[in-house]
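Remarks on the structure that follows.
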Amino acid sequence: MAEHDDKIKVIIADDVAETREILEKALYFEKDIVVVAKAANGREALQLCKQHQPDVVLMDINMPELDGIAATEAIVAQIPGTQVIIMSVQSEQEYLRRAMLAGAREYLIKPPDTDELVRSIRHVYKLRASAPRLAAGSTDTTTARTDQGKVIAVFSPKGGSGCTVVAANMAVALKQITNKRVALVDGNMVFGDVGVVMNIVANKTVLDLASRVNDMDAQLINDVTVPHTSQVRVLLAPPDSQSGEGISPDQLRSVLEGLRSQFDYIVVDTQTSYDDRTLTLLDVADRILVLMTLELTAIKNVKQFCELAGPLGYPDDKLMLVLNKADSRLGIRAESIEGQIRHKVTAQIGNAPYEMTLALNQGVPLVIDRRNHPVAKDITALAALTANALAPAAPAQANGAAGNGKAAAAAPVPQEAPSKGLFGRLLTKR
């Protein structure tokens, strides 16, 4: 196959011979794409993938012997680096969820438009090229990281600012643009909603990590975090408020430091409060996305938080002020907000109440379902901006991961006083 080394090698898997021929003809005139094999069922597709080591597989979802979902799972596990595009005549969200959970990178409705087909092949090929190719049968879930991931907290001192929705979309966008390991953490221990936004139901939650911080390792983190269709792993909040209240700030700190050893980015949705758990999440964060809406009450609360950031020990560059639900018709300009708060607005996310509510009710983040929507583009731009801001090496911290795959334990934090909450914290700093 040496003559095809400079091209994107594609295998077509579909049980209808006519469909296979149509897809091959659609790709024939693309100079950078070559069809190296065709399969009539999932089992044959798996065998051909082992033989040809393709870059991309066009996989029909319904096939005999081994369907597209099962074949995708096998290919992703046994031929790492091969990207799968699932095709189906069904457009239901459940099919999309099943495909993405199996490891597919794209989902196309049959018959796909030729331009869309070619664009998808090139897109997933770029994802493959940007990721290191692993040896067959290997997995990165138990490999200790030599560097530490970055924690991004999404916070607002005013309820209703959209932290959960932005955090969820932000995590998915980071995965889409960087193809790195991303975790989404529900940091609201009492009334967490990340599971609802991501349409995830699971028995394992942050409690399973908080109760085992002393023996937390890569395998435990992989078992407790839940895979989402976007390939983001999600750490859910406790199932009830009573259990959440039992998690201590020190346990939360240790959980986040453990996640640092396994993920490149950890996006944390936080509670609108100044309790000890929330302050701990903000302390650990490398960046805090402070969400604000164009309401006087929200602006007032954000101004107060920015004024408290200094006494709390947060440098100016740790805060990234984000104007969410931005709408010029509301009578307040971003420029006037900057003057009042004395902090630059880093980014703006447009207002799309209908689309956001629909995405929330469907359990599919907007950056997945409507990637070209202006608001989805705003969030993707924010994700890129945040990733760039975190690119320079951070000052060394005493929380490196051990070489045996164990997650890093949190560095001891001096206990200054028994005072609790924001005011206790500020009083001890005087």
| message | Between R333, R430, R425, which is in the same structural domain as R253 (by TED's automatic domain parsing), at pLDDT below 75 and more than 20 Å from the chain's Cα centre (by Cα)? | response | R333
| request: Kindly list, by first and then second residue, each pair from a residue in region 179-196 that is in the same structural domain as P249 (by TED's automatic domain parsing) to a residue that is charged (D, E, K, R) and not in a helix (DSSP H, G or I), limited to pairs with Cβ atoms under 6 Å and residues at least 6 apart or on different chains. | output: K180/D264; R181/D264; A183/R233; D186/D269; G187/D269; G192/D186; V194/D186; V194/D269
| task | List every residue pair whose Cβ atoms sit under 8 Å apart, with the two residues 6 or more apart in sequence or on different chains, where the first one lies in region 107-120 and is more than 18 Å from D15 (Cα to Cα) and free of Cβ contacts under 8 Å to residues at least 12 places away in the same chain and the second, anywhere, is surrounded by 13 or more Cβ atoms within 10 Å (Cβ to Cβ) and of a type outside the set (S, T, N, Q). | result | E116/L108
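Out of the residues in region 60-86 meeting the condition of being of a type outside the set (A, V, I, L, M, F, W, C) and closer than 19 Å to H123 by Cα, tell me which one is surrounded by the most Cβ atoms within 10 Å (Cβ to Cβ).
Looking only at region 60-86, we keep the residues that are of a type outside the set (A, V, I, L, M, F, W, C), and these are 60, 62, 64-65, 67-68, 72-73, 78, 80-83.
Narrowing further to those that are closer than 19 Å to H123 by Cα: 60, 72, 80-83.
Numbers: D60: 26, T72: 30, P80: 18, G81: 16, T82: 24, Q83: 26.
Of everything passing the filter in region 60-86, T72 is surrounded by the most Cβ atoms within 10 Å (Cβ to Cβ).
For region 26-51, give me each residue that is of a type in the set (A, V, I, L, M) and out of contact with any helix residue (DSSP H, G or I) (no Cβ under 9 Å at 6 or more places or on another chain).
Scanning region 26-51 gives a single hit, L48.
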| note | Every listed condition ((1) hydrophobic (A, V, I, L, M, F, W, C); (2) farther than 21 Å from Q90 by Cα; (3) assigned to a loop (DSSP other than H, G, I, E, B)) holds for M63 save (2)
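For region 348-358, give me each residue that is without any contact (Cβ under 8 Å) to a residue 40 or more places away in the chain and surrounded by 14 or more Cβ atoms within 10 Å (Cβ to Cβ).
Within region 348-358, the subset without any contact (Cβ under 8 Å) to a residue 40 or more places away in the chain is 348, 350-355, 357-358.
Hits for region 348-358 are Q348, G350, N351, A352, E355, L358.
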| note | Of the residues in region 223-262, those that are without any contact (Cβ under 8 Å) to a residue 12 or more places away in the chain and closer than 26 Å to V364 by Cα come to D240
| query | Is there a residue in region 36-59 that is β-branched (V, I, T), out of contact with any Phe, Trp or Tyr (no Cβ under 9 Å at 6 or more places or on another chain) and over 19 Å from G103 (Cβ atoms)? | reply | yes
| message | Which condition from (1) within 22 Å of the chain's Cα centre (by Cα); (2) at pLDDT 65 or above; (3) within 20 Å of K180 (Cα to Cα) is the one that R133 breaks? | response | (2)
| request: Mind counting the residues in region 225-244 that are assigned to a helix (DSSP H, G or I) and surrounded by fewer than 22 Cβ atoms within 10 Å (Cβ to Cβ)? | output: 3
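The values are calculated or read from the model by the stated rules, or taken from the named source; none is laboratory data. Computed from a prediction, not measured in an experiment: that's the story for all the values here. Glycine also receives a Cβ, built like all others from the backbone with ideal geometry; neighbour counts cover every protein chain displayed.
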